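The values are calculated or read from the model by the stated rules, or taken from the named source; none is laboratory data. Small disclaimer: the values here were computed from a predicted structure and weren't measured. Glycine gets a Cβ as well: all are built from the backbone with ideal geometry, and neighbour counts include every protein chain shown.
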Amino acid sequence: MNRSPVTGHVHSIQTLGTLDGPGVRFVVFAQGCPLRCGCCHNPDTWNPSAGTEISAQELVHRAMRYREYFRRDGGITLSGGEPLLQARFATALFEECHKMRINTCLDTSGCILNDEVKHLLTHTDRVLLDIKYPTDALYRAHVGCGIVQPLRFLQYLNQQNIPTTLRQVIIPTLNDTEESIDFLSLLAEERSCIDTVELLPFRKLCTAKYERMGIPFPMAEIEEPTQDLMERLQSRLRNPKKKK
Ligand code: SF4
C-alpha cells in the first residue's frame, strides 16, 4: 500500500547555515508559531497556514545536494517559527534524514511537550533550546507562555540524555543581568544533557519586516547590546562549553 507523503508548511530554507547547530547545516524554517516573543525577528513565520507546503522526502532530497559540506558535524536543522507545532512532519523529516545518515538538530522554544513531540525527539541528535528569560513574570510578559514549559521540556531532554545547546538572546534592560546569566549557568550545571551555552545579541534588522506587515515591533525602543556588554556577560558564564 502506498502511503501519502507527510507534508508540512515551510517558511524558507537556508542551504549552508553556520549559526544554527554544529558544522555546516541545511536549515529549514518551519511556518507557524503559537508564541509572540517581543524580540521575534521572524514575525512572518507566525501564521501556521502560510508558507510553502512541501514533503519531508523532497526536503531531504534537496538537502542531499549539500551533503559534502556537512562533513562530520553538520546536517539538517529544523528551526522556525516553532517546529514543534508540526511535530508529525518534523518526525517524518528527521526519520528520512536518519535513513540517509544525516545529523538532525531541532531549534525550539520548548513550549510543547506531547506524545508526538516525544516521538520526534527519538529522531533528534541535538536540541538548540531557547531559555529566553530567568523568571516566569518575564516569560509571561514578553513570550506568551510560562517559564515552566521550557523547563519541563529541558527536564525531558535530560531524562532522555539528548545533547542540548542552551541559547539566550541578550536584550538590554530585560535579561542582560547577572541573574539571567547565573540562571543559565545553574541550568547547565544541573542538567547533564547541556554541553553548550550560547549568548546571542538582540538585533533590530527585523524592524522593516514589522513595518511591511503593518504591526508594531514591541522592542523598537530597546537598544542592541554593545560588544562590551556581550563580552562581560559571556565571561560571567561559568560553563559556556562543558566537556562531553
Ligand atoms: S518562539 Fe521564535 S518564532 Fe515564535 S515568536 Fe518567539 S522568537 Fe518568534
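So that you can scan it fast, the table gives a plain yes or no per residue for (1) farther than 24 Å from G38 by Cβ; (2) of a type in the set (A, V, I, L, M); (3) more than 16 Å from the ligand (Cβ to nearest atom):
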site	(1), (2), (3)
L129	no, yes, no
K132	no, no, no
D176	no, no, yes
S180	no, no, yes
F183	no, no, yes
L187	no, yes, yes
> Is there a residue in segment 53-63 that is within 15 Å of the ligand (Cβ to nearest atom) and touching a Leu at 6+ places or on another chain (Cβ under 6 Å)?
Replying inline: no
>> Condition (residue is closer than 20 Å to N47 by Cα and part of a helix (DSSP H, G or I)) applied to segment 213-220: is it met by at least one residue?
In response: yes
> Considering D73, D130, which residue is under 23 Å from L154 (Cβ atoms) and at pLDDT below 95?
Replying inline: D73
> When you go through (1) of a type outside the set (S, T, N, Q); (2) away from the ligand (no atom under 16 Å from the Cβ); (3) on the phi > 0 side of the Ramachandran plot; (4) in contact with a Ser or Thr (Cβ under 8 Å, 6 or more places away or on another chain) one by one for I162, which number turns out not to apply?
Replying inline: (3)
>> Among the listed residues I112, I76, identify the single one that is farther than 26 Å from T207 by Cα and within 12 Å of the ligand (Cβ to nearest atom).
In response: I112
> Taking segment 1-41, which residues are of a type in the set (D, E, K, R), surrounded by 15 or more Cβ atoms within 10 Å (Cβ to Cβ) and away from the ligand (no atom under 16 Å from the Cβ)?
Replying inline: R25
> buried (at least 21 other Cβ atoms within 10 Å of the Cβ), within 16 Å of the ligand (Cβ to nearest atom) and at pLDDT 95 or above: does that describe T45?
Replying inline: yes
> Of the residues that make up segment 57-79, is at least one within 19 Å of the chain's Cα centre (by Cα), in contact (Cβ under 8 Å) with a residue 12 or more places away in the chain and surrounded by fewer than 19 Cβ atoms within 10 Å (Cβ to Cβ)?
Replying inline: yes
> Looking at C206, C111, which one is under 29 Å from A56 (Cβ atoms) and surrounded by fewer than 20 Cβ atoms within 10 Å (Cβ to Cβ)?
Replying inline: C206
